[in-house]
Amino acid sequence: MFRYGVQCAFQDLPERMPVVFRGSLRQVAEDSRKAGYEAMELYICNPKDYNAAELKAVAADNGLGYSAICTGLEKILNQLCLTSEDASVRAKAVDRLKEHLDLGVAIGCPVVVGTMRGDIPAWDQRQVYLDRLADALRQLDAYAAEIGGELLVENILQYVSNYLNSLDEVGGFLRELNLPHVKLHIDTHSMHMEETKPFDAVRKFGDILGYVHFSDSNRGYPGSGVVDFKSYFHALMDVDYRGYIVAEYQPYPTAMESAVRGLEYMKLLERAAEIERLEFKR
């Protein structure tokens, strides 16, 4: 029922960053295929540096598609932020995300907004920053409508971002905005830290759910920690989620071992959930 993707990067990243495969385009594509995934998630910045035709060709050579483009490196490497004090930086951040949307449409996938939303430095000014984020998302929604793209806004745990942490916060924010081309992206590691009833939260916001990251409590592959992934499968089935489930975790004990173990575990639990949902008759 579900399709599975794995996060990949071309940059030389710190070892503990939750990115599974790192290397050249051909290397990460070959690794993703060997591990059994159907799609790659790209963790990139500067989208105009990439050739969409080449990205599509290398993916096709390995029987893969693309699940999404993640944009966190734009903040880490380029200091681009949608809620910056500097209006010119905010404008550049919106323009850069439009470039990501262009690339996403060209290779057939949505674009994730996570840490690019920035933090709120003064809590008594919270509404100012929420309004800046809302304005940016409205601009991006309008652009996505023009080109046929989609944007995903991720819930992020409080140790990485100081607002829109729980699904009630980010889901409520998106529902109020009511932007047709902006959907909710959930991350199970963040939810493990932020939610008291995570599976109910998935069901509550199933109507706007567009994307899923699976990562265990220790930021390892599913099965390496204590997250109840089978209950996540039940919740996703309850809301008829049809998108990708993507492996986003630290590459331990090795990138390939983590990728293979995580995928095997996810598929086994998906099947277990399916069996549990079958009617039992005597």
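Rule-based calculations on the coordinates, nothing more; no lab input. In this text the structure is predicted, and so the values were computed from the model without any measurement. Heads up, the Cβs are rebuilt from the backbone with ideal geometry, glycines too, and the neighbour counts pull from every protein chain shown.
Numbers at a glance
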{"item": "The chain, Cα convex hull volume normalised per residue, Å³", "result": "131 Å³"}
{"item": "Residues with amide H under 5 Å from that of Y211, placed H, sequence gap 5 or more", "result": "I186"}
{"item": "Rounded to the nearest 20 debye, dipole of the range 3-276 from Cβ charges on Lys, Arg, Asp, Glu", "result": "300 debye"}
{"item": "Extreme residue, positive dipole direction of the chain, given options N218, G171, I275 (C-beta unit charges)", "result": "I275"}
{"item": "Low-density loop positions, chymotrypsin sites (Phe, Trp or Tyr not before Pro), the range 124-208 - DSSP coil, at most 16 other Cβ in 10 Å", "result": "Y159"}
{"item": "Mean Kyte hydropathy of -0.5 or more with a Cα span along the axis of at least 20 Å, helices from DSSP in the chain", "result": "87-107, 126-147, 255-276"}
{"item": "Placed amide H near G36: partners under 5 Å, 5+ positions off or other chain", "result": "none"}
{"item": "Most to least packed among 226-237, 209-220 [average Cβ atoms within 10 Å]", "result": "209-220, 226-237"}
{"item": "The range 140-204 versus the range 101-131: alpha-carbon centroid distance in Å", "result": "10 Å"}
{"item": "Whole-angstrom gap from the range 1-29 to the range 209-249, using each part's C-alpha centre", "result": "17 Å"}
{"item": "Reachable aspartates and glutamates from K183, criterion Cα separation under 16 angstrom, eight or more residues apart if same chain", "result": "D135, D141, E150, E154, D168, E169, D207, D240"}
{"item": "Given the chain, longest segment not containing exposed loop GluC sites (Glu not before Pro) (DSSP; at most 10 other Cβ within 10 Å)", "result": "16-278"}
{"item": "Among the listed pairs K98/K267; K197/K281; K204/K267; K56/K98, those beyond 28 Å (Cα-Cα)", "result": "K98/K267; K197/K281"}
{"item": "Percent RCO, i.e. relative contact order, over the range 1-151, from Cα pairs under 8 Å lying at least 6 residues apart", "result": "20 percent"}
